[in-house]
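Below is one structure; the comments refer to it alone.
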Amino acid sequence: MNSQLQRRHEAEKSTVTSVLVVDDDASILGVVSEVLEDDGYVVSTAATGEEAIEILKSNTFSLVMSDIRLPGINGVKVLEYVKQQSPRTNVIMITSHGSLDTSIDAIKHGAYDYLLKPFEDLSLISSAAKRAVDAYRLEVERSQLIRSLKLSNEELARVNNVLHGLAVRDGLTELYNHRYINEILDKHIDKTVMEGADLSLIFIDVDNFKVFNDAHGHQTGDVLLRELSALMRENVRSKDIVARWGGEEFAIVCPTTDEETATRLAESLRAAIAKHVFAQDIVTSNASVTISAGVASFSKNKSKSAMLEAADSALYVAKDNGRNQVRTAL
């Protein structure tokens, strides 16, 4: 490797632990900076969007964490500047509940994630930063391998597999996401048609989750979703594929499984969740955590869209009939 390329690689490596935090609230700026410094990051700070852009003109960061509401140049403008100047740098928006819709819109325009404030659980800052920096590190690694022209097929496959894994995983729960389930359903339907086996789908909804969120806060709701996700992984078979479908809804793809077997699996999972002792911050809310589920099979529905619709309809029958139950598609 020539010396110029070596210096470039070393410079890129040094940015991996560099994070810029932008917030006009000194207390928020201090809390976030302290958490990240404790995690080993080199943290720079800015109190305004203008100050952030001046810093970004002469520095590269793996991650920028910015409040969405800043005086003058706001967080969305900072996001746009980052993506123009350093597309690999990930941006996490910090927002209050009141600007949540704006943060979700920012994700559509390139933000990596968002965090809600005030922070009830500081570990959410650490975990969000780790995911974003890990994604940046992998992009840097792939770029370096390509530039050095010493990229073996195995190395490229490994990096691409990890990047694909990040793309198909839900950031909060680390389950597969909606996109991946759609992909995997197509593959398993093709296999089912060829081999004459069956395929079943379970849709799950957390009962009264909106009420829980409104009463106990979004961050407690996030803790609940993560713990439920872990329970689902523990209570399905190795061949089953669990995903966060969206919000408080989950999907489980059950390959080579008929409707009756999938219904028993869903009922077993429902019972396990109903009797589970949840984390202390959920228990102290005096909340009863249950799920409703709908089950459908490919053998009855003959297409992906029909199976999705049937499972969804069965789920809503379960919810309309009192929740905390499993229903099978008609």
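Just so you know, in the range 52-67 the residues that are surrounded by fewer than 18 Cβ atoms within 10 Å (Cβ to Cβ) and more than 26 Å from the chain's Cα centre (by Cα) include one that is nearest to VAL140 (Cα to Cα), and it is ASN59.
The residues of the range 115-139 that are more than 17 Å from ASN161 (Cα to Cα), of a type outside the set (S, T, N, Q) and out of contact with any strand residue (DSSP E or B) (no Cβ under 8 Å at 6 or more places or on another chain), listed by number, are PRO118, PHE119, GLU120, ASP121, LEU122, LYS130. The criterion of at least 1 residues that are assigned by TED's automatic domain parsing to the domain that holds ASP258, at pLDDT 90 or above and of a type in the set (Lys, Arg) is met, among helices (runs of 4 or more DSSP H) falling completely within the range 111-208, by 178-195.
The residues of the range 69-91 that are over 13 Å from TYR136 (Cα atoms) and in a loop (DSSP other than H, G, I, E, B), listed by number, are ARG69, LEU70, PRO71, GLY72, ILE73, ASN74.
Within the range 245-269, residues that are hydroxyl-bearing (Ser, Thr, Tyr) sit with their Cβ atoms under 7 Å from residues that are surrounded by fewer than 24 Cβ atoms within 10 Å (Cβ to Cβ) and not in a loop (DSSP other than H, G, I, E, B), at 6+ positions apart or across chains, in these pairs: THR263/THR328.
Among the residues of the range 16-42, those that are β-branched (Val, Ile, Thr) and under 24 Å from the mean Cα position of the chain (by Cα) comprise VAL16, THR17, VAL19, VAL21, VAL22, ILE28, VAL31, VAL32, VAL35.
Please determine, by comparing only the residues of the range 230-248 that are touching a strand residue (DSSP E or B) at 6+ places or on another chain (Cβ under 7 Å) and surrounded by fewer than 17 Cβ atoms within 10 Å (Cβ to Cβ), which one is nearest to THR220 (Cα to Cα). Looking at the filtered set, the residue picked out is ARG233. Exactly one residue out of ALA167, ALA197 is without any contact (Cβ under 8 Å) to a residue 60 or more places away in the chain, closer than 29 Å to LYS304 by Cα, among the small types (Gly, Ala, Ser) and exposed (fewer than 13 other Cβ atoms within 10 Å of the Cβ), and it is ALA167. Filtering TYR180, TYR112, TYR176, TYR136 for residues that are among the aromatic types (Phe, Trp, Tyr), more than 28 Å from MET232 (Cα to Cα) and surrounded by 13 or more Cβ atoms within 10 Å (Cβ to Cβ) leaves a single hit, TYR136. Say whether the condition of being assigned by TED's automatic domain parsing to the domain that holds ILE184, surrounded by fewer than 23 Cβ atoms within 10 Å (Cβ to Cβ), modelled with pLDDT of 90 or more and of a type in the set (Asp, Glu) is met by at least one residue in the range 280-288. No, the conditions are met nowhere in the range 280-288. Of the listed requirements (1) within 20 Å of ALA271 (Cα to Cα); (2) modelled with pLDDT of 95 or more, LYS239 misses just one: (1).
The values are calculated or read from the model by the stated rules, or taken from the named source; none is laboratory data. Keep in mind that what you see is a predicted model, and the values were worked out from it rather than measured. Methodologically, a virtual Cβ is constructed for each residue, glycine included, from the backbone with ideal geometry; neighbour enumeration extends over all protein chains shown.
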